[in-house]
1. For A256 paired with H65, estimate the spin-label separation in nm (one decimal), with each label point 7 Å from Cα along the Cα-to-Cβ line.
2. Using a 10 Å cut-off on Cβ atoms, rank the peptides 97-103, 376-382, 39-45 from the highest mean neighbour count down.
3. Hey, can you grab everything whose amide H is under 5 Å from the amide H of S383? Only 5+ residues off in sequence or another chain; H modelled, so Pro and N-termini drop out.
4. Any chance you could run the full-extension gain for S21 through R79? It's 0.36 nm times the residue separation minus the Cα-Cα distance, nm to one decimal.
5. Can you list the residues of region 516-535 with backbone N under 20 Å from a point 7 Å past the Cα of D330, pointing along Cα to Cβ?
6. Straight-line reach from K9: which lysines fall under 23 Å, measuring Cα to Cα and dropping same-chain residues less than 8 apart?
7. Under the Karplus relation 6.51 cos²θ - 1.76 cosθ + 1.60, θ = phi - 60°, what is the ordered set of whole-Hz ³J(HN,Hα) values for region 365-377, x standing for Gly and Pro?
8. Below 8 Å, C-alpha to C-alpha, sequence gap of six or more: please give me the relative contact order for the chain in percent.
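Read-outs: derived from the displayed coordinates by stated rules, not from any lab. As the structure is a prediction and not an experimental result, all values here were calculated from the model. Positions of Cβ are backbone-derived with ideal geometry, glycine not excepted, and every protein chain shown enters the neighbour counts.
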Amino acid sequence: MISISNVTKTVGGIPLYSGASFQVNPGEKVGLVGPNGAGKTTFFRMIIGDLQPDVGTISVQNNVHMAYFSQDVGEMKGRSAMQEVVEGHERVCELAKRMRAHENKLSESDLDPDEMTRVLELLGDEQTEYEHLGGFEIENNAQTILSGLGIEPADHDKPVEDFSSGWKMRIALAKVLIRMPDLILMDEPTNYLDMETILWLEGWLRAFKGAILMTTHDRDFMNRVAGKIVEVAGGKVTVYSGNYDFYEKERAVRIAQQEAAFGRQQSMLKKEEDFIAKFKARASHAAQVQSRVKKIDKIERVEQVAEEAEISIKLPNLPRGGNDVVIIKDLGKSWKNSDGSDKPVFSGLSATVHRQDKVAIVGVNGAGKSSFLKVLCGLTPPSSGEVQVGPSISIGYFGQSTLEGLPQDQTVYEVVKSHLLKETEGGLRGLLAAFLFRDDDINKKIRVLSGGEKTRVILAYLLSTPHNCLVLDEPTNHLDLRSREILLEALKRYEGTLLLVSHDRFFLREITTRVFEVDHGRIRIVDGDYAYYLEKKRAEG
């Protein structure tokens, strides 16, 4: 279906990979993995023809129908959400237009019999293709997909320009799914989706008969959808025939084997080179020396395993604080609608967050999870009730407003320095290097950073400050899979109290000890880990 053969690509003078080869076969579901900046999106752009490889070929079989979902959704306006999705299937819309034209032609009273026969044949052919493409069911399918992606039926006729950028992403995703192509290219489809929507999309893609090539930072999603992994890292592309768990295990085995082979070869080469150095001046050993020189010249060298740069998180010692970290009494929050009326978010919550609790805050997008955390942190006042923070408790907060509030004209170094005033210059440089800001990177202005880089800036100072309570609202959104795993390991070691919003099921399953579910204006407390919470939800139907 798609064949990538011996591809070399350089972007902005930086080589991404050389000699890259892999295939996507009919019906195959392939996950593209690797660190941010390794060149995954570049592969998508080369496949759709936006970019060309410097060397090698990318070939797509004739008549393969592709659809591409990217983070750049483009401009949407002038249509309802339903119209935007339906008209996203351009071929169905074109056929519908042509069929209407043929039907109008056939209604003409003076139509020549031969012309009528010709038009009827065209109409028949186009109706057959229209039916094959799902044209007769397209509106029902569009309703199903939009609803599955979390857009309620009441909003299907709402103008697309009235949706926020995050909801426009869902409409753009629906436009891809409605086309039912032979191959779907998906660049981070789970970004900004809530858990329920991720689960729906996962089920849809698993049932999809066509092929998929996708990237995602959601480990569980990758595991459940992809049956083959293509790793883009260290300037190379490596193929693994299994899901993400298989890839991790097999990759570790391959690395260990390569390191062992490299060590054996280096030992052998040293012995040969020592012999040559010792006897090269002796005429009696000239033939042996020459033989060994030729031997080592012909040896194909085993490459040393390239070390990928990774975040390194060292946590500070924490002040102990009290056993009751946050006491919540009959808490409620409402926001003002545009007409001045109150829009209740949640109400009537009473709970205590205990020392070293790891609490998952879950619920659909818009349910009020972020509002709840902001009230707890004192970033917005409650509408009713109260929040009491325990004695000697220091709260560190990460959220979307933290990202947006970064001073755009300051450098990475200046921002981190402003939060860690007692740290030496050497200490700050070491800290920033541990979060992958090295050399001139520390002098980059915040405004030029990617979302992942901004997240790393905040985590650098936040996790280096001795907060004994962390409130994290989607801290993994812009992090690649490996960086998520490193953050997870750090939070497992963290000895304070944690309240966390995340749509990463693996992350929640690994770390949480309690669950607060925000749903229909109430917050329900489940005293058990995330796996227990899911079992309880399934049992309740």
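1. Taking the two extended label points, one gets 4.7 nm.
2. Numbers: 97-103: 13.6, 376-382: 16.7, 39-45: 22.0.
Highest mean packing first, the order is 39-45, 376-382, 97-103.
3. Sorted by chain and number, the residues that satisfy this are G332, K333, S334.
4. Working: separation 58, 0.36 × 58 = 20.88 nm, distance 4.15 nm.
My answer for the length gained is 16.7 nm.
5. Backbone N within reach: 521-525.
6. K40, K228, K236
7. Each residue of region 365-377 in turn: 4, x, 6, x, 4, 5, 4, 4, 5, 5, 5, 4, 8 Hz.
8. Numbers: 891 pairs, mean separation 80.4, N = 541.
After rounding, I find 15 percent.
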